[in-house]
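Peer 1: What follows is a single structure, and I will ask about it in a moment.
The values are calculated or read from the model by the stated rules, or taken from the named source; none is laboratory data. It should be emphasised that the depicted structure is a prediction, and the values quoted were computed from it without experimental measurement. Note that we place each Cβ from the backbone using ideal geometry, even for glycine, and neighbour counts take in every protein chain shown. Each accessible area value is taken on the protein alone, full model and side chains, heavy atoms only, with ligands, DNA and RNA left out. Shrake-Rupley method; radii C 1.70, N 1.55, O 1.52, S 1.80 Å.
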Amino acid sequence: MNPFWTQVVIQTTLRQKGKKEDRKKSYSDYELAKGYREFLITLKRHLKDLILITIGIFSASFGFKGFLLTNHFIDGGATGISLLLFALTKVPLYIWIICVNIPFVILAYTVVSKQFAIETALSITGLAICLATVSFPNVTNDNLLVAIFGGFFLGTGIGLAVRGGAVIDGTEVLAIYLGRKFGATIGDIIIVINVIIFSAAAYFLGVEIALYSMITYLAASKTLDFIVEGIEEYIGATIVSLHSEKIRQMIIQKMGRGVTVYKGQGGFGKHGEKTEIYIVYTVITRLELNKLNTELEKIDTDAFVDMSRVKDTKGGMIKKRPHKH
């Protein structure tokens with residue numbers, strides 16, 4: 001291996017493993033090769049996340065400046081609060097985007113993780129910079145088209161950011177926190193928040209604008225659902241692999257999640273070749289899906305993974321332990 005890449009792998013992937021007192025001064029060729037492979041997988045993941053978040057920022061900005069701002073339509077969540085304050089005060093939207101989301105970023109540090117909070121803060125800052133510096137044409141003044149397509153591009157932007165491991169609207173973080181505190185579902189809390197926002201819009205901006213804004217919200221939420229494959233907060237993952245013990249340890253130690261391991265038999269061919277295997281099942285949040293796939297690729301690229309949406313969960317580690325990102 002090239003000496004430069006050897007040092008990069010040592011200083012990043014290999015040095016991150018274990019405690020400081022356990023770090024080695026030299027590594028075998030196998031350890032270097034394995035570390036290099038994991039480094040490439042991690043780098044690929046971060047580049048993919050960066051591209052998704054960047055596209056999401058530009059899509060959301062286009063939805064704002066190309067459709068919503070000139071007609072004073074709003075959306076739900078933190079985005080809707082920012083748009084409402086912009087319509088009432090005429091203070092630039094990019095300033096409100098940052099100010100409104102600051103409490104949510106701080107909350108994300110506690111509810112999700114430090115890394116997630118940092119990535120979210122950078123994404124929101126990127127959105128604000130894009131709104132302040134990039135010009136977009138005003139596409140149409142037709143109210144119905146503005147409501148539908150403004151919501152579409154805004155929802156696409158938020159969805160792509162979520163796929164990249166961050167958010168540019170902090171409402172979901174608040175919903176997760178309140179859901180844990182009061183035991184309500186994420187969807188119910190988001191509905192309550194949006195009812196308050198649209199009621200304020202009807203009072204300050206007029207009933208007609210509030211009604212069109214509801215169409216914007218519906219278009220954005222349905223697009224968001226499509227981009228991130230469901231609004232459900234939890235995903236159940238069944239993993240079949242010959243490296244089930246390593247996967248179990250990874251989920252517990254790196255993901256901070258509980259697992260269920262049960263014995264099964266694999267079948268292959270016409271008559272079936274019975275092989276004893278251990279099947280791993282875990283429930284994660286959709287924000288952790290990207291990390292789970294990355295870590296599984298490091299352990300076993302041929303692992304069979306069956307994922308299904310879980311509407312809600314009760315007990316276990318999902319709601320009691322903080323998210324790790």
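Peer 1: Tell me which residues, restricted to region 232-261, are touching a Phe, Trp or Tyr at 6+ places or on another chain (Cβ under 8 Å) and either among the polar types (S, T, N, Q) or in contact (Cβ under 8 Å) with a residue 60 or more places away in the chain (or both).
Peer 2: 236, 237, 238, 239, 240, 241, 244, 260
Peer 1: Considering region 220-242 alone, what residues qualify as being within 23 Å of residue 52 (Cβ to Cβ) and at pLDDT 90 or above?
Peer 2: Passing the criteria: only 237.
Peer 1: Also: Kindly indicate whether residue 90 is among the charged types (D, E, K, R), open to solvent by 10 Å² or more (accessible area, probe 1.4 Å) and either modelled with pLDDT of 85 or more or touching a strand residue (DSSP E or B) at 6+ places or on another chain (Cβ under 9 Å) (or both).
Peer 2: So residue 90 does not fit the description; no.
Peer 1: Checking residue 29 against (1) within 21 Å of residue 290 (Cα to Cα); (2) at pLDDT below 90; (3) of a type outside the set (Gly, Ala, Ser), which single condition isn't satisfied?
Peer 2: (1)
Peer 1: Can you tell me which residue is farthest from the chain's Cα centre (by Cα) among those in region 104-126 that are modelled with pLDDT under 90, over 14 Å from residue 49 (Cα atoms) and among the β-branched types (Val, Ile, Thr)?
Peer 2: By that ranking, first place goes to 110.
Peer 1: Here is a further query. What is the number of the single condition among (1) exposed (fewer than 15 other Cβ atoms within 10 Å of the Cβ); (2) without any contact (Cβ under 8 Å) to a residue 60 or more places away in the chain; (3) of a type in the set (S, T, N, Q) that residue 120 does not meet?
Peer 2: Unmet for residue 120, out of (1) exposed (fewer than 15 other Cβ atoms within 10 Å of the Cβ); (2) without any contact (Cβ under 8 Å) to a residue 60 or more places away in the chain; (3) of a type in the set (S, T, N, Q): (1).
Peer 1: Let me ask something else. Just give me the residues in region 130-172 being outside any loop (DSSP other than H, G, I, E, B), more than 26 Å from residue 116 (Cβ to Cβ), of a type in the set (A, V, I, L, M) and open to solvent by 10 Å² or more (accessible area, probe 1.4 Å), in sequence order.
Peer 2: 144, 145, 148
Peer 1: Which one is surrounded by the most Cβ atoms within 10 Å (Cβ to Cβ) among residues in region 288-325 that are at pLDDT 85 or above and of a type in the set (A, V, I, L, M)?
Peer 2: If we take residues in region 288-325 being at pLDDT 85 or above and of a type in the set (A, V, I, L, M), then 292 is surrounded by the most Cβ atoms within 10 Å (Cβ to Cβ).
Peer 1: A further question on this structure: Could you tell me which residue of region 188-204 is farthest from residue 221 (Cα to Cα), considering only residues that are among the hydrophobic types (A, V, I, L, M, F, W, C) and open to solvent by 40 Å² or more (accessible area, probe 1.4 Å)?
Peer 2: 204
Peer 1: Among the residues of region 29-86, which ones are free of Cβ contacts under 8 Å to residues at least 60 places away in the same chain and charged (D, E, K, R)?
Peer 2: 29, 31, 34, 44
Peer 1: Being aromatic (Phe, Trp, Tyr), loosely packed, with under 12 Cβ neighbours inside 10 Å and modelled with pLDDT of 85 or more is the filter here, so list the residues in region 243-287 that pass it. Write out each step before concluding.
Peer 2: First, pick out the residues of region 243-287 that are aromatic (Phe, Trp, Tyr): 262, 268, 278, 281.
Now narrow it down to the ones that are loosely packed, with under 12 Cβ neighbours inside 10 Å: 262, 268.
Across region 243-287, the qualifying residue is only 262.
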